[in-house]
Structures are given as C-alpha cells and as structure tokens.
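Q: The structure's right below; bear with me while I get my questions together.
The values are calculated or read from the model by the stated rules, or taken from the named source; none is laboratory data. These numbers were taken from a predicted model, which means no experiment stands behind them. When we count neighbours, we look across all protein chains shown, and the Cβ atoms used for this are built from the backbone with ideal geometry, even at glycine.
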Amino acid sequence: MDQHTTRDKNRRSRDETRLVEVFDPHAALAGTEWVDLVGAIIRVSRTTHKRITATGLWTTTREVAYFVGEYLLPAALCARAIRHHWAIENRLHYVRDVSFREDDSRIRCKAGIFARLRSFAANILRFNNVQNISAARYRFAIGGPDALASLRLM
C-alpha cells in the first residue's frame, strides 16, 4: 500500500485534506476473471471543514471515494490525476452554470447547440486573457459593437 496526503487550506472558506491510498488487489482477485483487468484499487478519503459565513462556525464533512485503475501507480501520481480530472468541471461546466446561467435556460429544443455556443464564447474570452467571465460579459453587453471589436478572435 502507498499513500499520499494533500491539503488545501482556506480556499473558498474551506479547508480540505485528502488522503489517497493505493492498494494492490492481485491477492484478493487471484483466480477470478478480474485479475488481469484490475491493477490497483484507489481510496480517496476527504475531510472538509467549511466555514458558514452567517455564523462564523465551521462544519466538518467526511467522504470516501473508490477508484479502480488498470496499473499500480504511486499514490502521489494518482492524487494528481484525480484532481486534474475535475478541471473540466471547474473550467467549463461551472462557468457555463454560473456565468452563463445555463441551468436557468428555458431552451428545450436542441439545447446542446446553445451549450456549445456558450463554451465557444467562454473560450474566446479565455483566449483574450479574461479572468472574470461574468464581468467581461457585462462590459461587452453595455459596450456594444466597439467592445466586441476589441476581441482577438484568432
């Protein structure tokens, strides 16, 4: 067994500690059809302390997630891969939900086309080194065609 601990301190009013443990399952899977398919079992234990802004108190939550890997890798590498997996959620879906209010959309016919357009707009803003997409959308909305002309599209 290999293990690795990471800690994010005071990010968005929360402290999170993650313990990643990698287990070799070959002994437990010997004689089954899974022995050649499962190379590692990964357990991620998260303890999160969240600050409630209204009261100033902290609440603690604990959760455990399991992953199956094809290869037995070091725990530090598994921890990094699992964290990078969520980059899509943080960079794309969260932006579309919060900045573009996609969850509030009433579009029901071919909604995927509009989701792609929102992603396209977010990518154009990122290409122009925009850090706050909501603020940039507001600036372009009140700035009219002159503001949009300032964007580099290629």
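Q: Based on this model, can you work out whether residue 140 counts as of a type outside the set (Lys, Arg), outside any helix (DSSP H, G or I), surrounded by 13 or more Cβ atoms within 10 Å (Cβ to Cβ) and not assigned by TED's automatic domain parsing to the domain that holds residue 23?
A: no
Q: In the stretch 73-92, which residues are surrounded by 14 or more Cβ atoms within 10 Å (Cβ to Cβ) and not hydrophobic (A, V, I, L, M, F, W, C)?
A: Within the stretch 73-92, 80, 83 meet the criteria.
Q: Just checking, which of 63, 102 is over 30 Å from residue 19 (Cα atoms), touching a Lys or Arg at 6+ places or on another chain (Cβ under 6 Å) and either of a type in the set (Asp, Glu) or in the same structural domain as residue 28 (by TED's automatic domain parsing) (or both)?
A: 102
Q: Output the number of residues of the stretch 22-47 satisfying the condition of being exposed (fewer than 10 other Cβ atoms within 10 Å of the Cβ) and touching an Asp or Glu at 6+ places or on another chain (Cβ under 7 Å).
A: Total satisfying the criteria: 0.
Q: Here is a further query. Picking from 108, 126, which residue would you name as being farther than 16 Å from residue 96 by Cβ and among the basic types (Lys, Arg)?
A: When all the criteria are applied, what remains is 108.
Q: Failed condition for residue 79, given (1) in contact (Cβ under 8 Å) with a residue 60 or more places away in the chain; (2) not β-branched (Val, Ile, Thr); (3) not assigned by TED's automatic domain parsing to the domain that holds residue 34, with all others met?
A: Only one criterion is unmet by residue 79, namely (3).
Q: Turning to a different aspect of this structure: Go through the stretch 48-72 residue by residue and tally those that are surrounded by 12 or more Cβ atoms within 10 Å (Cβ to Cβ) and either touching an Asp or Glu at 6+ places or on another chain (Cβ under 7 Å) or more than 25 Å from residue 25 (Cβ to Cβ) (or both).
A: Matching residues across the stretch 48-72 total 6.
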